[in-house]
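S.K.: Following this message is one structure expressed as structure tokens.
The values are calculated or read from the model by the stated rules, or taken from the named source; none is laboratory data. The structure presented is a predicted model; accordingly, all values stated were derived computationally and were not measured. Ideal geometry is used to build each Cβ from the backbone, glycine not excepted, and the neighbour counts take in all protein chains shown.
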Amino acid sequence: MMETATEPVNDNVDIKEKKKTTVRILLADDHALVAAGLCKLLETDFDLLGAVGDGRALVAAAKKESPDVILLDISMPLLNGVEAARQLRVALPAAKLIFVTVHSDSPYVVEAFRAGASGYLLKRSAASELVTAIREVLLGNLYVTPLIGKSALEGILKVAERRGPLLSLTAKRCPSLAFFMICRSI
């Protein structure tokens, strides 16, 4: 005969807590709606330290909180994302910087990586790529959205060559690179 519990058993009680990692993320975007959406995407898997709306606030919050990953936009008030990234690279060299932006043009992509980015994705694909991008950069790999063009990839390759071996930037981990290498050989 089965005993009756006095309280219902719910095996799903802490499912979100079990999935959450100790990866600490700080977010910077000057559009509150975008920031809220990105936070919602990440809240079940990561420890969100907060969201700020400008580059100066990002640098200050990052120095205070020491996040593992910093998500930032390029176009922000007071201090743009590229300049903020340069300051963050000096202040927090271990932090991984991932740009989440609308800018797909080559100069923006190349400057982001020159400033110390480990990842670059577009806002329009963030819902499907953001968690993967975070996991890849935490493994020491570069992440580049497949939605950017050939000239941007050429620039990234030049920046990566100056940083060291390209072993972490592979066709398997970067579909854009695979496409670029195929096109380059034709």
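S.K.: What is the residue count in segment 74-90 for residues that are in a helix (DSSP H, G or I) and of a type in the set (A, V, I, L, M, F, W, C)?
M.R.: Within segment 74-90, residues that are in a helix (DSSP H, G or I) and of a type in the set (A, V, I, L, M, F, W, C) number 5.
S.K.: In this structure, is SER66 over 18 Å from ALA127 (Cα atoms), surrounded by fewer than 15 Cβ atoms within 10 Å (Cβ to Cβ), touching a strand residue (DSSP E or B) at 6+ places or on another chain (Cβ under 9 Å) and in contact (Cβ under 8 Å) with a residue 12 or more places away in the chain?
M.R.: Here the answer is yes, as SER66 does meet what is asked.
S.K.: Can you tell me which residue in segment 93-136 is surrounded by the fewest Cβ atoms within 10 Å (Cβ to Cβ), limited to those that are hydroxyl-bearing (Ser, Thr, Tyr) and over 15 Å from LEU26 (Cβ atoms)?
M.R.: In this case the residue turns out to be SER128.
Table: residues versus (1) over 27 Å from ALA85 (Cβ atoms); (2) among the β-branched types (Val, Ile, Thr); (3) modelled with pLDDT under 90; (4) surrounded by 15 or more Cβ atoms within 10 Å (Cβ to Cβ).
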| position | (1), (2), (3), (4) |
| --- | --- |
| THR4 | yes, yes, yes, no |
| GLU7 | yes, no, yes, no |
| ASN10 | yes, no, yes, no |
| VAL23 | no, yes, no, yes |
| ALA60 | no, no, no, no |
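S.K.: State yes or no: is VAL110 touching a residue at least 40 places away in the same chain (Cβ under 8 Å), out of contact with any Phe, Trp or Tyr (no Cβ under 8 Å at 6 or more places or on another chain) and assigned to a helix (DSSP H, G or I)?
M.R.: The answer is yes for VAL110.
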